[in-house]
1. What single numbered condition from (1) of a type in the set (A, V, I, L, M); (2) touching a residue at least 40 places away in the same chain (Cβ under 8 Å); (3) not assigned by TED's automatic domain parsing to the domain that holds B:A31 fails to hold for B:A355?
2. Any chance segment B:138-159 includes a residue that's in a strand (DSSP E or B) and away from chain A (no Cβ under 14 Å)?
3. Please specify each residue of segment B:328-346 satisfying the condition of being surrounded by fewer than 22 Cβ atoms within 10 Å (Cβ to Cβ) and touching a residue at least 12 places away in the same chain (Cβ under 8 Å).
4. Suppose we keep only residues that are surrounded by fewer than 20 Cβ atoms within 10 Å (Cβ to Cβ) and among the polar types (S, T, N, Q) within segment A:151-177. Which one would you say is farthest from A:E208 (Cα to Cα)?
5. Return the only residue of B:A126, B:A77, B:A134 being under 20 Å from B:V316 (Cβ atoms) and within 14 Å of chain A (Cβ to nearest Cβ).
6. State all residues of segment A:378-394 that are modelled with pLDDT of 95 or more and in a loop (DSSP other than H, G, I, E, B); if no residue qualifies, say none.
7. Return yes or no: is A:A282 over 19 Å from the mean Cα position of the chain (by Cα), touching a residue at least 40 places away in the same chain (Cβ under 8 Å) and either surrounded by fewer than 24 Cβ atoms within 10 Å (Cβ to Cβ) or farther than 20 Å from B:V321 by Cβ (or both)?
There are 2 protein chains.
Amino acid sequence: MTATLFSAIGELVTNDPALGDGSALGIVRDAALVAEDGRVVWVGSADEAPAADERVDLGGRAVVPGFVDSHTHLVFAGERSAEFAARMAGEPYTGGGIMTTVAATRAASDATLRANARRLHAEMTASGTTTIEAKSGYGLTVDDERRLLSISRELTAETTFLGAHVVPAESAADRAGYVALVCGAMLDACAPHARWIDVFCDVGAFGEDEARAVLAAGAAAGLLPRLHGNQLARGPGVRLAVELGAASVDHCNHLTEDDVEALASSATVATLLPGADFSTRAPYADARRLLDAGATVALATDCNPGSSYVTSMPLVIALAVREMRMTPGEALWAATAGGAAALRRDDVGRLGPGARADLAALDAPSYVHLAYRPGAPLVADVFTGGRTAVTDKE
Amino acid sequence: MTATLFSAIGELVTNDPALGDGSALGIVRDAALVAEDGRVVWVGSADEAPAADERVDLGGRAVVPGFVDSHTHLVFAGERSAEFAARMAGEPYTGGGIMTTVAATRAASDATLRANARRLHAEMTASGTTTIEAKSGYGLTVDDERRLLSISRELTAETTFLGAHVVPAESAADRAGYVALVCGAMLDACAPHARWIDVFCDVGAFGEDEARAVLAAGAAAGLLPRLHGNQLARGPGVRLAVELGAASVDHCNHLTEDDVEALASSATVATLLPGADFSTRAPYADARRLLDAGATVALATDCNPGSSYVTSMPLVIALAVREMRMTPGEALWAATAGGAAALRRDDVGRLGPGARADLAALDAPSYVHLAYRPGAPLVADVFTGGRTAVTDKE
């Protein structure tokens, strides 16, 4: 086993309050980190760094845990820029365009889907993301959902079966039949390729009883529940997610006081997706209200070709600070440790001993620059499991 | 002289209505472009492309004119991320932090200033910007303003003397004396290094009479007028800019109906800076109102370490579409041809015959993706004067 010393870290964010300055971010200045066998084995002051087999000099850069993007729709075909332009000219977002992508995805070969997913995965990695969740949901047939998950599984262990994304057009007259398919043959085909089950519980998608049936069937098949909810209107999504012990409820734009209290007193993470609010010109989720109530907040891209064709977690952080009134520190935590909590992972989203050595080195003296310098290509080097994934473009 | 054929352009934006589809963007599909001696000499359908000495295959990418960033404060030292974080936590932006950068800039060596400016210039070029305006204004002494312009001139011909950025702290008791210095010895030292003269005419900066005196002195020294105005409040800035025939008045957040009419009936460009509105959490300028009235609108980054540490014109375009209700086409035009108009240049910001061969090739089928895919690194290749400036990172 080779030990690698990452030295000359100007500012190291560990997300471990026991390390460093005692804040939630656990910041160590003038730091070093040792990785061995893919894991962090030592973190501390550069002065006290132990010897190692290899050394990577980070030149005084700030280092943060690799971003954990806990909500993406990674595998699809086609694009919807014309729909985007029409929306920016005033047409509302209703989710109705999902069927456009379903049609393109069903028509695409595995090779096309794989190439597109790999391109986006590479783009995410280059912007500092080292853990990616990927949902199905653009197939909506047994075979298509299964192949989306099979391709997703080539890229990540965090795969989510979202057969209950929308009722496909051909099943509009038989909603119950479609839900039964999702809970039956489609689940049987997909469960071997998925860790999670998800349902879009909102106006225009699935109602409370349907969502409950889907998540119960998934649980019976060994999948863990998560939920899209409260994006387009107030509704039962958050309440149901908390009741079922879902790891996360995602979007959370329209919350009642009861919803906020339910999240604050549960282990269900509120995952906010400012890229979707940006790209649909929707009111941003109120992160400040959730944080002040004591809820756990995660940030993710919602990468998809309809409502958020975003891969950049730095942009998501900048939007969360500008638009959701998170501090830069809260936003970074939500994009790393928060995403890990939303995936019930304790080995990512932090850089304390025992964690995976997944880290991003920034061309900046502090993580604050992720929000202070929106749009700038600050992520210079990315390491996954202690190995170089992306190196400085200069 | 070597002729270079840029072939396999899926979508070419020329900004020449006489070419292509007749729109303001002058779009040619399945296009080619020939450059010779740094200039565009031929544009048309790929089928009809003439022979050339060299060939660059753009693989079906969309190609746009290189961005014209007509408002930057490129040369400075230090950073103000702590001020940014405090502002995001609720402190208002007053422009008072400018003196922080002035102190850091005065204390910095030429080498430090040059290295920082070159780093930002490279970042801008990599994101597709091929013409950059650069202002002084963080020196505010005769020697410091002169050296900022001298360093700027190493990087661009579009240099602007902004001694009238703010009244420096040491002159607070003698505003008239400072204005006389700007109009006298400072102008004498700076004019040989500058094309433009600029003044920040707003609350907390300079009043109408002061601004008029500065621009008149600049004009007498052969400099062309431009103006920062109406950022923080309604005021005389726009009216003065139009009266004096300024090429541009920049910010334009707070306009009366008279201001809008004055802009619509003049050749003075309204340059909007959404990065500053983003980073100061200020209300965005109302581009829709200006466009609907018939004013010419430009978009620029306002790159500076206080209110807009932004280098990415693609981010500026995305913000203008989301927040200012520009269409993706209007935003692209404003970021290219609009910037050229704001600099009174007819050789950049377009790709018709005679223009400089400054172009950006996008990893996308259409320029619409600049707004549709916010934060994504879409600019793959950049050519200035027909030569490779940046090549695809893949």
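1. Result: B:A355 fails condition (3) only.
2. yes
3. B:G329, B:R344, B:R345, listed by residue number.
4. A:T156
5. Selected residue: B:A126, the only one of B:A126, B:A77, B:A134 that is under 20 Å from B:V316 (Cβ atoms) and within 14 Å of chain A (Cβ to nearest Cβ).
6. If the condition is that a residue be modelled with pLDDT of 95 or more and in a loop (DSSP other than H, G, I, E, B), then A:L378, A:G385 are the ones that fit.
7. yes
So that you can scan it fast, the table gives a plain yes or no per residue for (1) of a type outside the set (G, A, S); (2) farther than 27 Å from B:L273 by Cα; (3) touching a Phe, Trp or Tyr at 6+ places or on another chain (Cβ under 8 Å); (4) surrounded by fewer than 19 Cβ atoms within 10 Å (Cβ to Cβ):
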site: B:S7; (1), (2), (3), (4): no, yes, no, yes
site: B:G26; (1), (2), (3), (4): no, no, no, no
site: B:E36; (1), (2), (3), (4): yes, yes, no, yes
site: B:S45; (1), (2), (3), (4): no, yes, no, yes
site: B:E54; (1), (2), (3), (4): yes, yes, no, yes
site: B:D57; (1), (2), (3), (4): yes, yes, no, yes
site: B:F67; (1), (2), (3), (4): yes, no, no, no
site: B:A89; (1), (2), (3), (4): no, no, no, yes
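The values are calculated or read from the model by the stated rules, or taken from the named source; none is laboratory data. Everything quoted here is computed from the prediction, not taken from an experiment. Neighbour counts are summed over all protein chains in view; Cβ atoms, including those assigned to glycine, are modelled from backbone coordinates with ideal geometry.
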